[in-house]
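**Q** Take this structure, written in C-alpha cells, and hold onto it; I'll ask about it next.
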Amino acid sequence: MRIIAILTLLFSSTSSKIHNDIFTEDLFIKPLNNEQLYAHFRFTTKWDVDSTKDDLFQTRLFSRALSEIIVRFNIQELHITLTAGLWRYETWGYPADDAAPGAEVWAWFKNTTEDVDKNWTDLTNFLSGLICASLNQMDARNSIVPDISFKPQGVVLDNVNSSFLRYSSLPREIVCTENLTPWKKLLPCDSKMGLASLLNAGNIHNTRYHSLGIHLKPICRDVNCEETSLLLHQTVDLVYDYLIMRTRNWSLRSLFGQGILNSCPLASSSSIYVDVSKNFTTNRFKLSPEPEFFTSKRGGDDKLLGKYKVIDGKPMNIGVNYIDQPNYEVNIPPVIYASQYKIGYGQQRGGLVNKIYNNHWGSLEVVLLQNIPWYVPIYLHTLKIISNNQHLKPLKMIYKPGQPREKPHNLEIVLKLPPKSSTSISIDFEYMFLKWQEYPPDANHGFYISSSIISAWLPLARNYTGLPQDAITFSDSFNASRSGYLVQIRTESIVITLPTPDFSMPYNVICLACTVVALAFGPLHNITTKRLILVVKKSSPFWRFFDFTSSKKKNGNNENVDNLDKKNE
C-alpha cells in the first residue's frame, strides 16, 4: 500500500507538471475589397514549462517533434513560413502574419550554442524532413546574419547578439499537399476535429494566396517575468478570389468544402471572428446565423466584429449574402508599402530597384534588408537613394560582402522617409558566369533573388491586423492600442537570366560522333575481316523472257523446254 501511495503521489505531481498547457484555435475572416476575401487561422499552444530536457520531453498538447528541436539544437526562437502567391499590400492592407513567396526560415539560438553554423545546418535538415520541404538547401551559401531587421519577438533573459541569428529563404519553393499534411499533424487534434477540419487541400491550394506558418518563442509567465513559458503559433493565411468562386456570397461550406462538425476536445476555446466593418458602406451583407457583435478600437482604427463560438457536438456553418449590388469603393493604400523590380538590358550588367511608398503625413524610419545571392555580385559605389527627386542620405548602412560559392551579400539600410514620398533604392550588379555543374536542370528558367524586407514602426493601426508581441490569442489584438505597431513587408521575388551555355551541344556532339564512328567503323570492319571472291553469274537465254504460247500449252511442255536448255548448255 505504501508503494502504491508513493507511485500515485509521483504520478499526480508529474501529471500536474506536464498539463500546464493551453490550446486555443481562432478563425478570422475579413472582406478585403470587392474581389477578395481573407481568412486567417491561428492555433495557439501555451506551455508553462522550464527549458530543461526532462520537462520538454514530457509533452501533452505541445508537439513532441518541436520540443526535440528546441533541446537538440538549442533554439531560442523559430519562425517558418511556406507561401504560394504574393500579398498585395497596396490593395489588401497588412496580413496578420507577413511572409515572403516560397520558404522562409529564421531562428535565434541560445547564447550557450558553441557552433551556430553547424546547428543551423542540422536544423534545416531536420525541418526538411519534418514538413517535407527543400529546407535542406538552406546552408551557408544562402544564409545571412542580419543585425537590425530581426529582433527577438519573445522575452530575452540573457544578452543575445546577432551572431546567434540565422536567416534564409528559398523563393522558388512550392507549397503543396505534402507540406500541409505534416503541418496538421503538429496540432493536438490533427485535422479530424475543430477548425483544423476545414483545412482541406483541395479548397486551399486553389486560392490566390495561401501561407503556412510555424512560430515558436518564449514569453513571460507573469508580470515580473520570473518564469517563462513556450508559445507556439501555427497559422494559415488564405485569400479567396470572388472571380474563381463565381459569386460574392460565401459560406464555410463553399470556402472549405464542409462546415464544422464538432470542436476540438483539447481546445479551451474555439472562436470565429468576422469583420463586418464594411457592412455600413454600399456593399452591405447579412450574416446567418446572427453573431455576437462587438467593437474593437486600436490605434485610431475602429472595427465592428461578429463572434461565433464553436460548441462541441453542434455542427456549424456560417453564410454571407450580399444585399446590394457590387459597387467599387475608393481604395485607400496603407501607410507604407513597397515593390522590387529589375532594370538594365543584356547579360552583362543590370540593377535592382526597391521602391518604398510613404503615405503618412509624417516621416517614417524604415530598415531595408536585402539578401542577394553570391552569383549576383553588386557594386556598392553605385548605390543611389532618391526620394521625391532628391538624394537621400541613409541614417545607417551595414554591408557584408559575399564570397563566390560561400556566402551571399547582406545589405541593411536605415532610412528616414519624408512624408508623402516615394523613395527608390537602386544598386547595380553584374551577371556572373557559373560552372556548368552549378546550373540547375532548367537553367533557362532563370535564377531567383529573394524578396526585400522592409521593417517599420507605424504610428497608426489602419489596415493593420497583426498581433502585439505580448499577445497570446487572436482576441488579444482587439482594443490593444500601443504607442506604435511593428510591421514587416516583403516585396516580389526577382528572376534573372544568367549567361547560360548551350546545353544541347554535348548531345549534338555525341550524336555526330556516334554517327561518324558508325559510318566509318562498318565499312572498315567489312573490308578488313571479309574475303572478296569473284562470282560469275550464269546468264539465261533471252527468248525465255518472252511467252509466245498460252499458259496451258506452256505448262504442258515444261519438260521439253528444260531438256532443250540442257542441250544448249
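**Q** How much of Ser339 can a 1.4 Å solvent probe reach, expressed as accessible area in Å² and rounded to 10?
**A** 30
**Q** Given the C-alpha centroids of segment 403-445 and segment 164-206, what is the distance between them in whole angstrom?
**A** Answer, in whole Å: 29.
**Q** With respect to the cross-link table entries Lys278/Lys309; Lys46/Lys355; Lys118/Lys384; Lys303/Lys384, which display a Cα-Cα separation exceeding 29 Å? If you can, show how the numbers build up before the last one.
**A** Numbers: Lys278/Lys309 22 Å; Lys46/Lys355 39 Å; Lys118/Lys384 37 Å; Lys303/Lys384 41 Å.
Flagged as over cut-off: Lys46/Lys355; Lys118/Lys384; Lys303/Lys384.
**Q** Another question, then. Return a whole-number percent for the relative contact order of segment 32-184, with Cα pairs under 8 Å and 6 or more residues apart as the contact set. Don't jump to the answer; show the numbers that get you there.
**A** Numbers: 185 pairs, mean separation 37.2, N = 153.
That works out to 24 percent.
**Q** Once you mark the chymotrypsin sites (Phe, Trp or Tyr not before Pro) that are in a DSSP loop and have at most 13 other Cβ atoms within 10 Å, what is the longest gap between them in the chain? Mind showing how you got there, number by number?
**A** Values: sites that count: Phe57, Tyr328, Tyr345, Trp361, Phe433, Phe503, Phe546, Phe548.
Between the exposed loop sites, the longest stretch runs 58-327.
**Q** Post the alpha-carbon centroid distance, segment 284-315 to segment 120-141, in whole angstrom.
**A** So the two Cα centres are separated by 40 Å.
**Q** Return the percentage of antiparallel bridges among DSSP beta bridges fully within the chain, rounded to the nearest 5 %.
**A** About 95 percent, rounded to the nearest 5.
**Q** Related question: If you plug each phi of segment 429-444 into the Karplus form 6.51 cos²θ - 1.76 cosθ + 1.60 with θ = phi - 60°, what whole-Hz ³J(HN,Hα) values come out, in order, with x for Gly and Pro?
**A** 9, 10, 6, 10, 7, 10, 6, 5, 7, 8, 7, x, x, 10, 5, 6
**Q** Hey, another quick one. Give a quick list of GluC sites (Glu not before Pro) in segment 344-430 that DSSP marks as loop, anything other than H, G, I, E or B, with at most 11 other Cβ atoms within 10 Å. Each step should come with its number before you reach the end.
**A** Working: sites: Glu365, Glu406, Glu412, Glu430; in loops: Glu406.
For GluC sites (Glu not before Pro) across segment 344-430 that sit outside H, G, I, E and B with at most 11 neighbouring Cβ atoms in 10 Å, the list reads Glu406.
**Q** Out of (1) 28.3, 118; (2) 23.6, 93; (3) 35.3, 132, which label holds the value of Rg and Dmax of the Cα atoms in Å that was computed here?
**A** (3)
**Q** So, one more: For the chain, what does the accessible surface come to per residue with a 1.4 Å probe? Please give it in Å². Walk me through the numbers before you get to the answer.
**A** Working: 29760 Å² over 569 residues.
Result: 52 Å² per residue.
**Q** Assign unit charges at the C-beta atoms only (+1 for Lys and Arg, -1 for Asp and Glu), then state the dipole size of the chain relative to its Cα centre in Debye, rounded to the nearest 20. Before the final figure, lay out the partial values.
**A** Values: 59 positive and 53 negative charges, 391 e Å.
Value, rounded to 20: 1880 debye.
**Q** Still on this structure: State the answer as a single residue: which of His233, Ile174, Ala196 lies farthest towards the positive end of the charge dipole of the chain, with beta carbon charges of +1 for Lys and Arg and -1 for Asp and Glu, about the Cα centre.
**A** Sorting the options by dipole projection puts first Ile174.
**Q** I would also like to ask the following. In whole percent, how big is the carbon plus sulfur part of the accessible area of the chain, probe 1.4 Å, protein atoms only? Walk me through the numbers before you get to the answer.
**A** Values: 16340 of 29760 Å².
Of the solvent-accessible surface of the chain, carbon and sulfur hold 55 percent.
**Q** Separate question: Quick one: helix 64-73 against the long Cα principal axis of the chain, what's the angle to the nearest 10°, folded into 0 to 90?
**A** Roughly 90 degrees, rounded to the nearest 10.
**Q** So, one more: Counting only the heavy atoms of the protein chains, how much of Leu232 is accessible to a 1.4 Å probe, in Å² to the nearest 10?
**A** Answer for Leu232: close to 0 Å² accessible.
**Q** Where a Cα-Cα gap under 18 Å defines reach, which aspartates and glutamates qualify for Lys342, not counting those fewer than 8 residues away within the same chain?
**A** Straight-line reach from Lys342, under 18 Å: Asp428, Glu430, Glu492.
**Q** As a test of the formula, what do you get for the chain when each DSSP H run with n ≥ 4 contributes -39,500 (n - 2.57) and the sum is divided by the residue count, at 222 nm and rounded to the nearest 500 deg cm²/dmol?
**A** Details: 12 runs with 113 residues, N = 569.
So the calculated ellipticity at 222 nm is -5500 deg cm²/dmol.
**Q** Given the protein chains as shown and a 1.4 Å probe, how many square angstrom of Arg88 are accessible, to the nearest 10?
**A** 110
The values are calculated or read from the model by the stated rules, or taken from the named source; none is laboratory data. These numbers come from a predicted model, not from an experiment. Every residue, glycine among them, receives a Cβ derived from its backbone with ideal geometry; neighbour counts consider all protein chains shown. Remember, those area values only see protein heavy atoms, side chains included, never the ligands or the DNA or RNA. Shrake-Rupley method; radii C 1.70, N 1.55, O 1.52, S 1.80 Å.
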